[in-house]
1. What is the order of Ser51, Ser19, fewest Cβ neighbours within 10 Å to most?
2. What number comes out for the charge environment of Val118, summing +1 per Lys or Arg and -1 per Asp or Glu over other residues with Cβ under 15 Å away?
3. If contacts are Cα pairs under 8 angstrom and at least 6 residues apart, what is the relative contact order of region 10-84 in percent?
4. Treat the count of other C-beta atoms within 10 Å as a stand-in for reagent exposure and order Trp91, Trp61 from fewest to most.
5. For region 86-176, rounded, prolate or oblate, judged on the Cα gyration tensor with a ≥ b ≥ c (square roots of eigenvalues), a/c < 1.5 rounded, else prolate if a/b > b/c?
6. Pulled fully out, how much extra length does the chain show between Lys166 and Glu105, if you take 0.36 nm times their separation in residues and subtract their Cα-Cα distance?
7. Could you list Val118, Val68 so that the one with the fewest beta carbons within 10 Å of its beta carbon is first and the one with the most is last?
8. Hey, if you put +1 on the Cβ of every Lys and Arg and -1 on every Asp and Glu Cβ in region 7-166, which of Val115, Ile7, Leu165 ends up farthest toward the positive end of that dipole?
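No value in this document is a laboratory result; all are computed from the given coordinates. Here the structure is a predicted model, which is why all the values come from computation and not from measurement. Cβ coordinates were reconstructed from backbone atoms using ideal geometry, including for glycine residues, and neighbour counts include every protein chain displayed.
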Amino acid sequence: MKATGRITLVTGGARSGKSALAERLVLRHGPQPVYIATAEPRDGEMSERISEHQRRRGSGWITVEEPVDLAGALMRTDGRGARLVDCLTLWLSNCEGSADIGALEITLRQQRSPVVLVTNELGQGIVPGNTLARRFRDQHGWMNQAVAAVADEVWMAVSGQPLRLKPALVSLDEPV
């Protein structure tokens, strides 16, 4: 059983336009959205990426910084308007193998307010050359599948262009 909050997942490669797409999707739900930031400014390059996102969004957003307790941040902000989680990939990395994807699924199903989540599409490249990287890629793929299963909508950004994946135009369960 799902509460009334619409769940949307936006995926894509690096610099594909997924964050800008997700921002547009959140703004469909009204003004004063909440931005749940999972990034931590651990170096100058990441600080610049964070600043770039902040400049693009402007001042109309409420920002909640939460690199690890994503389910808790979603529960604390539910009822305050539409939320944008950017991004699941960084959250999974921040959790260093202890991310509770099951708790995230349960929390998403309980939301009353809309949630748009951004993630990366990691499994389309070469197979990583070390065990740790392969393990992360696999866990990330399973996370994306779990969140996509809960989501009402799934979008993919490709070269700055939106592609809606769910709901599909055609059901694979229908006879041909």
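1. Ser51, Ser19
2. Overall, the nearby charge balance is +1.
3. Here the relative contact order equals 42 percent.
4. Ordered from fewest to most neighbouring Cβ atoms within 10 Å, Trp91, Trp61 come out as Trp61, Trp91.
5. It comes out oblate by the Cα gyration axes.
6. Once the chain is fully extended between Lys166 and Glu105, it gains 20.2 nm.
7. Lowest count first: Val68, Val118.
8. Final value for the positive-end residue is Leu165.
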